[in-house]
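Peer 1: Structure incoming, see below.
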Amino acid sequence: MSAPVSRRARPAKAPLSREVIVETGLRILDREGLGALTMRRVAQDLDTGAASLYVYVANRDDLMAAMLDDVLATVPEPEDGDWRERLDALIHSAIAVMSRHEGLALVALGSIPTSPNALVLIERMLGLLAEGGLDARTNSWAVDLLYLYITAQAAEQSAYNVKGGTEESTLAAAQQKFDELPAERYPMIVDLREHMLTGGDARESWAQRVLINGILATPAG
């Protein structure tokens with residue numbers, strides 16, 4: 001029977017901090033899923049008690065908000081192209097980054113962006129829209145609409161990831177359902193079903209053009 005290991009012989013625990021807790025939360029989220037992300041589980045991974053975490057994060061919601069902000073720090077700032085090309089790239093990157101982590105897009109969808117890196121994203125979009133000639137009021141309202149689009153798209157993509165499938169497999173399943181619809185009850189859907197479930201990247205680019213073109217053509221007054 002092996003002798004117990006002295007506490008002095010064990011590796012020293014890393015000091016707790018908000019940053020360490022956020023990193024641990026993200027690791028658990030990506031490895032075990034949203035259902036496993038609890039304050040108790042994070043504390044267990046850090047070899048401490050859950051009460052110790054509350055010095056740095058108020059609760060699970062605060063932890064997830066901090067995790068979202070940490071993820072948003074990885075959105076690169078576009079450097080090439082005109083203002084519209086850079087705005088398109090920024091939106092695309094934000095969707096991709098946010099959708100990689102289960103549940104974080106829903107945190108963004110249900111809150112006003114006030115954390116440091118969310119504000120950086122907003123600041124960049126405001127600057128690019130200003131380059132496009134938008135007046136202050138239209139710019140201010142437009143960035144809210146674009147942020148809503150980013151979070152909704154990220155939430156949808158994240159849902160595909162969580163289910164273990166892809167957008168293509170989800171669309172294929174929907175296509176099968178549409179193919180079985182009675183034309184007498186759903187004539188428009190049956191007639192347009194091929195167009196409704198196709199597009200991929202082209203469809204996403206079209207949606208962004210619609211939003212930006214609509215913003216440019218509709219001053220807030």
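Peer 1: Using only helices, what value at 222 nm comes out for the chain when you add -39,500 (n - 2.57) per DSSP H run of length 4 or more and divide by the total residues, to the nearest 500 deg cm²/dmol?
Peer 2: So the calculated ellipticity at 222 nm is -21000 deg cm²/dmol.
Peer 1: Can you compute the label reach from Ser205? Point 7 Å from Cα along the Cβ direction, backbone N cut-off under 19 Å, restricted to the range 47-88.
Peer 2: Zone members listed by number: 78-88.
Peer 1: Shifting gears a bit: Kindly report the accessible area of the chain per residue (heavy atoms of protein chains, probe 1.4 Å, no ligands, DNA or RNA), in Å².
Peer 2: Value returned for the chain: 61 Å² of accessible area per residue.
Peer 1: Right, next: Specify the residue with the greatest mean-square fluctuation among Ile150, Ile189, Ile91, computed from a Gaussian network of the chain linking alpha-carbon atoms under 10 Å apart.
Peer 2: Judging by the Gaussian network model, the answer is Ile189.
Peer 1: Now, a different point. Here are several values of Rg/Rh (Cα atoms, Kirkwood Rh): [x] 1.10; [y] 1.01; [z] 0.97. Which one was derived from the coordinates shown?
Peer 2: The value computed from this structure is option [x].
Peer 1: Could you calculate, for the range 72-170, the ratio of the Cα radius of gyration to the Kirkwood radius, expressed as Rg to Rh?
Peer 2: We get a ratio of 0.99 for the range 72-170.
Peer 1: Highest GNM mean-square fluctuation, the chain, Cα pairs closer than 10 Å: which of Leu63, Leu145, Leu90?
Peer 2: Leu145
Peer 1: I've got another one for you. For Tyr149 and Ile189, FRET efficiency with R0 = 25 Å and r from the beta-carbon atoms, rounded to 0.05?
Peer 2: Calculated transfer efficiency: 0.55.
Peer 1: Cα axis of helix 187-196 to longest principal axis of the chain: angle in degrees, 0 to 90, nearest 10?
Peer 2: The helix 187-196 is inclined about 60 degrees to the chain.
Peer 1: Looking at the chain as a GNM with Cα springs under 10 Å, which of Tyr56, Tyr147, Tyr186 has the largest mean-square fluctuation?
Peer 2: It is Tyr186.
Peer 1: By how many degrees, between 0 and 90 and to the nearest 10, does the Cα long axis of helix 60-72 differ from the longest principal axis of the chain?
Peer 2: 60
Peer 1: Could you work out what % of the accessible surface of the range 75-221 is carbon and sulfur, using a 1.4 angstrom probe and leaving DNA, RNA and ligands out of the count?
Peer 2: 56
Peer 1: Could you tell me the distance between the Cα centroids of the range 62-114 and the range 197-220, to the nearest Å?
Peer 2: The distance from the Cα centre of the range 62-114 to that of the range 197-220 comes to 18 Å.
The values are calculated or read from the model by the stated rules, or taken from the named source; none is laboratory data. Since the structure is predicted, the reported quantities are computational estimates derived from the model, not experimental observations. Every residue, glycine as well, gets a Cβ built from its backbone with ideal geometry; the counts of neighbours run over all protein chains shown. Side chains are part of the model used for accessible areas, which takes the heavy atoms of the whole protein and leaves out ligands, DNA and RNA. Shrake-Rupley method; radii C 1.70, N 1.55, O 1.52, S 1.80 Å.
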